[in-house]
Amino acid sequence: METEYSQFNILNKQTTKCGIEKITVDKCCFKKFISHLKNSAEFEANILYSVMACDTSDCIELNYNLFSEKLNRYLIITVLTDRNNPVCDTVTDLYKSAAFDEREIFDMFGVFFEGHKNLTRLLMPNSSVGNPLLKDYNFQKERSVHYETDL
Amino acid sequence: MYKSLLQNFKAFIKVVLTLIESIFDKSGTLPKVCRDDTTSKFSGGGIEFVKNNNGKSACDGCGLCQKVCPCADAIQIKTLSDSDEVTSFVYQIDKSICIMCGQCIEYCPQQALQFSEESVNCTENKNELIMELTKD
Amino acid sequence: MKPICDSDMIINIGPQSPALYGSMKLAIKLNGEIIKSVESVIGYNHRGIEKLAESLTYLQYLPVVNKIDYLSGFMYMEAYCSAVEKLCDINVPERAQYIRVMLMELNRISSHLFYLGVYLSDLGSKAQFYFAFTLRDEILHILQDICGQKIMQNYFVFGGVKHDLDLNALNKICDFCSSFSQKVKELENLIIDNPAFKARTKGLGIITKNKALSYSLTGANLRSAGINLDIRKIKPYLVYDALEFQVPIDDSGDCFSRCLLRIREMIESLKIIRQCSRFLIKSSGEYKNNDVNPLQIHPQSNTVISHVESPRGIISCTIISDGSDKPSRVKWRTPSLYSIQILPELLKNRYYSDITAIVGSLDIVVSEADR
Amino acid sequence: MEFYLGKMILSLNLQDYFTFVVLYTAEFLIILFFLLISAFSADYAEKYIFSLLKKKNLSARLNVCNSLKILANSFKLFFKEIIVPDKSVKIAFFLAPAILLISVLFIYSLIPYNTDFCVNKADSGLVSLISLILLFSFGITLGGISSNSNFSILGAMRHCVQLISFSVPMILTFMGVAVLSSSLSFPQIVISQAKYDILSWYIFPSFLGFVVFFIISSAIVNRSPYNFSNAKSELADGYKTEYSGVNLAIINLSEFSLFFIINMISVILFFGGFLSPFGVYVADWFSAGSFYYIILTVEQMFWLFAKTIFLIFFTLLIQTAFPRLKPVNLASFSWKYLIPVSIINILIVCVIKIVFGGFYV
């Protein structure tokens, strides 16, 4: 696996406590890596379980939970984005299920996905300010929410 | 074409017969809900203090219930004395915030709390929803 | 001849609508009776459950968890408890595992009964609704006897369950099993053999294999498309590998087969409950790991994932801990979110009256998707 | 009954034209009373069926006193505010409930309740019935379109589809009955089923006609399986979404009473109306006189209502068990199956009429 994927600029590779492989990939070539995993016979990642974002102190971490239904294998691809200007490529053209996940991450973390067709807030109202799941989100300041009146 | 119609008609009769059967079948009749035969140990309409024979509560104001409660400000303990040792305090549970999860009852070291049978669900005066215990 | 209404008509179903299971909005563009496009809007029931985890300790977060979904509280409790147990290396005694599995399967049956009743009621027939709900009431009474509450059961703790099952409750469950296996046949007569129900749902809302995988559907929605994916089989948690049951599959992928599979699943769940109650009557042991002090959980910084097969699909709970007594991040994967996502594609170019048939068949709980 | 009513009013010694006014007012009030009673009993029957299915002990909630709650609920609606949509066609919006109530009242006036109480003994009873049912549908469509709401318009349009589907088989089944009785008036149709009691009921020669009319009847009154014009889960309340207050009360009242009256009509057409199934009356034990007439009147009304309520119970049972169909389903079902079957029914009826002509009066 190490040699085959050398072209994709793998930064880090580790196994989590419950036995799941976690591969950290550079931002520029992670999309190529995922499409390779989807199409390769070795790891037919035909389900994108979910996309999870996590706010660490210096960057926003995106975890793509991939699953191969045929081989029964689970893999997490991690991408690190800059915290001040979080931009990432979309994977909605590979997995349609990513559309809502990416909208949710845009809503909650403010990560901008390039190429997403309808990147609007999913759970919070459109008029709300701030990204709630960031660690520095101020509840007292951004508590008041104006609901949209035109339905 | 008419064969499928006949089949559907048969299924139709079957559905109606099942329905009539189930209407007159009294075996599944549920008993009337009454509070006595359910275990009131695990559930109830509210939370109250366990009172011993003297009418006093065992609560010593340790504040562990505050630490396990998922709702902020549902349980409040205000100490009255200035000294370090907690002797006199006011204990309040706000039922308008409480979600009745039972964590405080589960983890109370003195077993001073229990589920009560009465419940106040709507009131004009919000103070009626606050359960209070003063101890000194 | 000029048509009466040559411009498209826009209809909003929801946020409050009897046809949707929660508050969500479907903005539908109609041309006559034919749907041109659909946009689904969610978020009306957002309670910030993932944000709450940052300010609560591991134990405080426990009662919040089963409020994500009002129909399958046990599944969410199990997902969270097993994630924390993995994080702190807590063993669960065998008896507690059997109790958990049994209650989860009871919960699965009650959730499926709710689904069947409400689905048929939305399609316009009341008899099945009352039939299913009387059965569901019996399960809820049993759960109330065991846990104290009917829906928001706060019964699982780290390393076991809160209190032991007594023989009385087990006898009630056995009685229920024997009466329920009879009732399922009647329910099948009323729903599956119903000619009007067949006419409404057969060949409607077909989800192909590739579409189901691409939209990341799970549970019975995926299995109706012919893919055998069940976490209980491929990655058994608790004692599922010691139990005998089958996973029903169908390959037509329409609304009818989704409904059919859920009835079959109830029968399989009944088998599991029977095996568990047989074990629990015979054995006696610890119902809780006594070494664990749930008040003091300070895991090291780590990432764990736990998967649970809920009535609607695969729930996964990811916890990222940072060494303190509060989780740094908790992420819930809720299956209903992905079922809502497929709606626009399923509803396009269908008749307006197919909306209830398609939306109802996917078993969506909006409060679960909103978190 | 009408005889005694007339006698009573004549005894008041009023002027001629005034007598007629009083007579018709009295008859109108009696019909209105029947309408209210039937609407409430239909509603009560529906709730009773649901309570049976729930299998809960609902004896505390379903008793005579509590059944008056339906009356109280509908009475309450008279004091509610009437909300008129902004861009609705005002005249049509208020006309539609009136049309519904008037058409139902006219249908009630066609019914022979016993041997001599039938307000409108017109020879063209069946034809007027058809036109009144179509008038009812017209009222629904008018109300739906005039209220300027997407839900209402869709409901009204769906009712039009329904109308096209049910009207043709309905008229064809009426033709079968008309052939058998050689008459179009309702009293004549009932009396012609009297010769051999239960054997001469029209259910036997035109069984297929009854089946077709039974299926169609739930489409006429917008009830499940064919309740797509007021489907709760799709179109909030269909054509009556925008109605409130008195208008809503009138629409609901006329719908429930139409549901009752359609079942009563199928009793009259196929089950011998007010006739006793055994040809024996309790009143026969008394000699002719005013007492005999009172007993006979009560008995005949009892048979009519008992048969109707039995049929309603059966109808409701079927309606609860089957999900709603699509408008397309009803149209295709009607043109593929119901119309051929009802034409076959007419042929069978004609043959029976020719061969066993003497069987019916």
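Out of the residues in the range C:115-129 meeting the condition of being assigned to a helix (DSSP H, G or I) and crowded, with 24+ Cβ neighbours inside 10 Å, tell me which one is farthest from the other protein chains (Cβ to nearest Cβ).
C:TYR115
Mind listing just one residue for me: the one in the range D:212-231 that is out of contact with any helix residue (DSSP H, G or I) (no Cβ under 6 Å at 6 or more places or on another chain) and at the interface with another protein chain (Cβ under 10 Å from one of its Cβ atoms) and, of those, surrounded by the most Cβ atoms within 10 Å (Cβ to Cβ)?
D:ALA231
What's the number of the only condition in (1) part of a loop (DSSP other than H, G, I, E, B); (2) at pLDDT 85 or above that D:PRO225 fails to meet?
(2)
Inside the range C:332-368, can you point out the residues that are assigned to a strand (DSSP E or B) and surrounded by 22 or more Cβ atoms within 10 Å (Cβ to Cβ)?
Those that are assigned to a strand (DSSP E or B) and surrounded by 22 or more Cβ atoms within 10 Å (Cβ to Cβ): C:TRP332, C:ARG333.
Criterion first (modelled with pLDDT under 80, surrounded by fewer than 14 Cβ atoms within 10 Å (Cβ to Cβ) and under 18 Å from C:GLN149 (Cβ atoms)) does B:ASP36 satisfy it?
yes
Got a sec? Which of D:LYS307, D:LYS240 is closer than 20 Å to D:ILE31 by Cα, among the basic types (Lys, Arg) and surrounded by 19 or more Cβ atoms within 10 Å (Cβ to Cβ)?
So the residue among D:LYS307, D:LYS240 that is closer than 20 Å to D:ILE31 by Cα, among the basic types (Lys, Arg) and surrounded by 19 or more Cβ atoms within 10 Å (Cβ to Cβ) is D:LYS307.
Can you tell which of D:GLU255, D:GLU234 is touching a Leu at 6+ places or on another chain (Cβ under 9 Å) and within 14 Å of another protein chain (Cβ to nearest Cβ)?
Sole residue among the options that is touching a Leu at 6+ places or on another chain (Cβ under 9 Å) and within 14 Å of another protein chain (Cβ to nearest Cβ): D:GLU234.
D:LEU248 fails exactly one of the following numbered conditions: (1) in contact with a Pro (Cβ under 9 Å, 6 or more places away or on another chain); (2) part of a loop (DSSP other than H, G, I, E, B); (3) within 25 Å of D:ILE37 (Cα to Cα). What is the number of that condition?
Of the numbered conditions (1) in contact with a Pro (Cβ under 9 Å, 6 or more places away or on another chain); (2) part of a loop (DSSP other than H, G, I, E, B); (3) within 25 Å of D:ILE37 (Cα to Cα), the odd one out for D:LEU248 is (2).
Out of the residues in the range B:39-71 that are under 17 Å from B:ILE130 (Cα atoms) and modelled with pLDDT of 80 or more, state the one that is nearest to the other protein chains (Cβ to nearest Cβ).
B:CYS69
What are the pairs, 6+ residues apart or on separate chains, where a residue within the range C:51-72 that is closer than 19 Å to C:THR318 by Cβ and more than 8 Å from chain B (Cβ to nearest Cβ) has its Cβ under 6 Å from a residue that is charged (D, E, K, R) and surrounded by fewer than 21 Cβ atoms within 10 Å (Cβ to Cβ)?
Once the first residue is closer than 19 Å to C:THR318 by Cβ and more than 8 Å from chain B (Cβ to nearest Cβ) and sits in the range C:51-72, no partner that is charged (D, E, K, R) and surrounded by fewer than 21 Cβ atoms within 10 Å (Cβ to Cβ) comes close enough.
What's the number of the only condition in (1) under 21 Å from C:TYR287 (Cα atoms); (2) surrounded by fewer than 21 Cβ atoms within 10 Å (Cβ to Cβ); (3) aromatic (Phe, Trp, Tyr) that C:TYR70 fails to meet?
(1) is the only condition that C:TYR70 fails.
Where in the range C:167-247 are the helices (runs of 4 or more DSSP H), entirely inside, with at least 2 residues that are touching a residue at least 12 places away in the same chain (Cβ under 8 Å) and within 14 Å of chain A (Cβ to nearest Cβ)?
C:209-214, C:220-223, C:231-234
Which residue out of A:TYR74, A:TYR49 is within 13 Å of the chain's Cα centre (by Cα), within 18 Å of C:LEU213 (Cα to Cα) and either crowded, with 17+ Cβ neighbours inside 10 Å or more than 14 Å from chain C (Cβ to nearest Cβ) (or both)?
Checking each option against the conditions leaves just A:TYR49.
I'd like the full set of residues that are within 18 Å of D:LEU330 (Cα to Cα) and of a type in the set (Ser, Thr, Tyr), limited to the range C:176-206.
Residue satisfying the conditions is C:THR201 alone.
For the range A:30-46, enumerate the residues that are surrounded by fewer than 23 Cβ atoms within 10 Å (Cβ to Cβ) and within 12 Å of chain C (Cβ to nearest Cβ).
A:LYS38, A:GLU44, A:ASN46
Only one of (1) out of contact with any Leu (no Cβ under 7 Å at 6 or more places or on another chain); (2) away from chain B (no Cβ under 12 Å) is not met by C:GLY148, so which one is it?
(2)
For the range C:130-145, which positions are closer than 30 Å to C:PRO195 by Cβ and either more than 8 Å from every other protein chain (Cβ to nearest Cβ) or not charged (D, E, K, R) (or both)?
C:TYR130, C:PHE131, C:ALA132, C:PHE133, C:THR134, C:LEU135, C:ARG136, C:ILE139, listed by residue number.
When the range A:105-125 is examined, which residues are found to be touching a Lys or Arg at 6+ places or on another chain (Cβ under 9 Å) and surrounded by 17 or more Cβ atoms within 10 Å (Cβ to Cβ)?
A:PHE106, A:ASP107, A:MET108, A:PHE113, A:HIS116, A:LEU119, A:LEU122, A:LEU123 - these are the residues of the range A:105-125 that are touching a Lys or Arg at 6+ places or on another chain (Cβ under 9 Å) and surrounded by 17 or more Cβ atoms within 10 Å (Cβ to Cβ).
Pairs please, first residue from the range C:321-332 and touching a residue at least 24 places away in the same chain (Cβ under 8 Å), second anywhere and of a type in the set (Phe, Trp, Tyr) and outside any strand (DSSP E or B), Cβ atoms under 7 Å, 6+ apart in sequence or on different chains.
Once the first residue is touching a residue at least 24 places away in the same chain (Cβ under 8 Å) and sits in the range C:321-332, its partners that are of a type in the set (Phe, Trp, Tyr) and outside any strand (DSSP E or B) give C:ASP325/C:TYR58; C:PRO327/C:TYR58.
The values are calculated or read from the model by the stated rules, or taken from the named source; none is laboratory data. Please read these numbers as outputs of a predicted model, since none were measured by experiment. Note that we place each Cβ from the backbone using ideal geometry, even for glycine, and neighbour counts take in every protein chain shown.
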